Each structure stands twice: as C-alpha cells, then as structure tokens.
Amino acid sequence: MNSPAISVHHLTKTFGEGRIAVHAVRDVDLDVEPGEVVLIMGPSGSGKTTLLLMLGAMLRPTAGSIMINGIELTSTPERQLPALRAHHLGFVFQDFNLLSALTALENVELACNLAGTSGRPAEDRAIELLRHVGLGERLHFRPDQLSGGEKQRVAIARALANRPTLLLADEPTANLDSSHGRDIARLLLQLAREQRCSIVIVSHDDRLREIADRTLWLADGAFRELDTMVVDPVCAMNVRPGDITPHYLYGGTTHWFCSQACRNDFAEHPESYLRGAGQAQRC
C-alpha cells in the first residue's frame with residue numbers, strides 16, 4: 001500500500017489568546033493518497049483558506065503535524081520553506097497570479113527555474129506542460145491576451161512545473177463561466193490520474209464534487225459528516241443545521257441557510273426557491 005502523499009494529524013490554528021482567541025482550524029486529521037483528488041467545502045469563515053495555507057507551508061499551525069515526502073513541515077526552519085514549496089508543492093489560485101509582463105511560456109519557465117531547472121531543459125518542460133493543458137498555440141501570449149480559462153490553464157501548468165507531490169487549488173473555478181469551469185475540473189482530474197499528483201481543492205463550487213474522490217465539509221474549523229448536512233434552497237450550499245444557523249419555518253418545514261442574506265432572500269419569495277426543486281433535502 002502506498003504511503004499518503006501528505007499526512008496531517010491534530011492540525012490546529014488559533015489566532016489571538018484568551019477570550020479573544022479565534023479557533024480557525026480545530027484538531028484536523030487528513031491523509032491524501034497519491035493521485036487522489038480531495039475537495040474541501042464549507043461556508044465562508046469555516047477555516048478552508050487557513051487550512052490550505054498551512055498545508056502549503058505558508059502559515060504555521062498552532063499545533064499538530066504535516067508530513068509530506070518524509071518532511072515534517074511544522075518543524076522545518078522558516079528559511080528552508082521557500083525551497084520546500086518550490087520542490088514539493090504546486091499552487092493554483094482563484095485570481096491566476098500570473099506575471100503580466102511575461103508570456104505563458106515565460107511564466108511556466110520561471111517556475112521551472114525556481115525548482116532548480118534552467119536553460120533549455122526548463123524551456124522544454126514549460127512547452128511540454130503548456131501543450132499538455134491545450135495551450136501549445138498560446139506559448140507566446142501574455143496573460144492579457146488570454147481568456148480566463150486559458151489563464152487558469154497556464155496557472156495549472158506552472159503549478160506542475162516542479163512535478164509536485166501535492167497540488168493545492170484555491171477556488172480554481174470561481175472566476176470562470178460554467179463551460180470553462182468544467183474544463184478546468186476535468187483537467188485537474190486528468191492530471192491527478194496521469195501524473196499521480198495529489199490534489200486538494202478548497203471551493204464553494206458544488207460542480208467540483210463530480211471530479212473529487214472525496215468531498216469533505218469544513219465548518220467551524222473541523223470536518224463534519226456530509227450526511228448531517230442539508231441544502232440551502234437559495235444558493236444550494238451544504239449547511240449544518242444548528243441553533244445559531246440561519247433558518248426559516250415555511251409550510252411546516254424548517255429550511256436552513258448558509259447566511260442571513262440567503263435566509264432573507266428566501267423569506268421574501270419562498271415559492272420561487274422551492275418551485276421545481278422541491279424542499280431542501282439531505283445530501
């Protein structure tokens with residue numbers, strides 16, 4: 001049996017102390033296998049971004065351990081973390097984060113340089129990756145000459161430049177229309193299967209569940225079982241019922257919401273949200 005690509009135990013992050021302490025992530029355990037796609041969903045403020053930053057060695061946890069390729073991230077000296085990220089991790093961001101003055105080829109080639117490959121081998125690697133993501137005809141285009149979907153493909157190629165053990169994606173489809181979002185989702189799944197790259201995605205996009213091997217729900221900094229969730233009839237997000245969760249009684253049924261804004265929208269025109277979709281159901 002393969003060892004996990006990344007193994008997380010009792011991961012905790014607390015901001016502040018005493019009565020003002022905010023427990024962003026609480027005692028999280030997570031193993032991700034090679035080639036596995038894990039989707040982490042949850043409402044805003046649930047701790048998703050904090051967790052992703054810790055997995056990417058960009059934020060120190062308060063407690064717990066993160067092991068990747070035999071390296072314990074939480075005890076690695078700060079000065080060694082940039083090199084560790086450059087060699088073992090890949091990142092895909094919601095806003096692409098491409099360098100606007102560089103072409104697609106140069107953006108990916110720069111990532112190769114940071115990982116220790118330079119000269120013609122770096123250029124060849126960048127060309128190979130861009131062709132693999134369907135951008136062989138866009139090598140010399142700058143980001144402002146590319147569509148949103150093409151920019152995200154460049155970002156994915158760049159994230160793979162160092163042959164990472166783990167690729168971390170933060171809302172990779174958020175700025176894309178439905179068609180391009182599906183294309184990016186399928187591409188991520190293809191890369192996981194072909195290159196055995198493990199992928200952890202944090203997102204609100206429910207469509208990504210189609211390509212995930214596992215979907216985990218993060219709420220109040222801890223993973224919850226999906227079968228305890230219900231669906232917000234306004235935005236279709238999974239919600240965990242509770243005393244402080246926004247809710248509204250209509251037609252003898254309690255409907256639960258991810259936010260007060262969704263509750264208020266529902267209260268104004270409940271029938272428009274229930275018509276054709278039925279009442280909120282358990283996931």
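The values are calculated or read from the model by the stated rules, or taken from the named source; none is laboratory data. Computed from a predicted structure; not experimentally measured. Here Cβ is always computed from backbone atoms with ideal geometry, including for glycine, and neighbour counts include all displayed protein chains. Note: areas computed on protein heavy atoms with side chains; ligands, DNA, RNA excluded. Shrake-Rupley method; radii C 1.70, N 1.55, O 1.52, S 1.80 Å.
Taking the stated definitions as given, is Arg19 outside any loop (DSSP other than H, G, I, E, B), open to solvent by 80 Å² or more (accessible area, probe 1.4 Å) and either under 30 Å from Gly242 (Cα atoms) or not β-branched (Val, Ile, Thr) (or both)?
Yes; evaluated as a whole, the condition is true for this residue.
Among the helices (runs of 4 or more DSSP H) contained in the stretch 76-165, which hold 1 or more residues that are touching a strand residue (DSSP E or B) at 6+ places or on another chain (Cβ under 7 Å) and either open to solvent by less than 10 Å² (accessible area, probe 1.4 Å) or closer than 30 Å to Ala63 by Cβ (or both)?
By residue number, 81-88, 148-159.
Of all the residues that make up the stretch 42-73, how many are open to solvent by 10 Å² or more (accessible area, probe 1.4 Å), closer than 20 Å to Leu188 by Cα and either in contact with a His (Cβ under 9 Å, 6 or more places away or on another chain) or touching a residue at least 60 places away in the same chain (Cβ under 8 Å) (or both)?
Total meeting the criteria: 3.
Output the residues belonging to the stretch 166-191 that are open to solvent by 10 Å² or more (accessible area, probe 1.4 Å), among the hydroxyl-bearing types (Ser, Thr, Tyr) and under 22 Å from Ser44 (Cβ atoms).
The one that is open to solvent by 10 Å² or more (accessible area, probe 1.4 Å), among the hydroxyl-bearing types (Ser, Thr, Tyr) and under 22 Å from Ser44 (Cβ atoms): Ser178.
Under the condition of being part of a loop (DSSP other than H, G, I, E, B), open to solvent by 10 Å² or more (accessible area, probe 1.4 Å) and in contact (Cβ under 8 Å) with a residue 40 or more places away in the chain, which residue from the stretch 196-212 is nearest to Leu89 (Cα to Cα)?
Looking only at the stretch 196-212, we keep the residues that are part of a loop (DSSP other than H, G, I, E, B), and these are 196-197, 203-205, 211-212.
Restricting the remaining residues to those that are open to solvent by 10 Å² or more (accessible area, probe 1.4 Å) gives 196, 204-205, 211-212.
Filter again for in contact (Cβ under 8 Å) with a residue 40 or more places away in the chain, leaving 196, 204, 211-212.
On the way: Arg196: 13, His204: 22, Ile211: 21, Ala212: 19 Å.
It comes out as Arg196.
Do the conditions hold for Ile184, that is, is it at pLDDT 85 or above and either of a type outside the set (Gly, Ala, Ser) or within 21 Å of Phe96 (Cβ to Cβ) (or both)?
Answer is yes for this residue.
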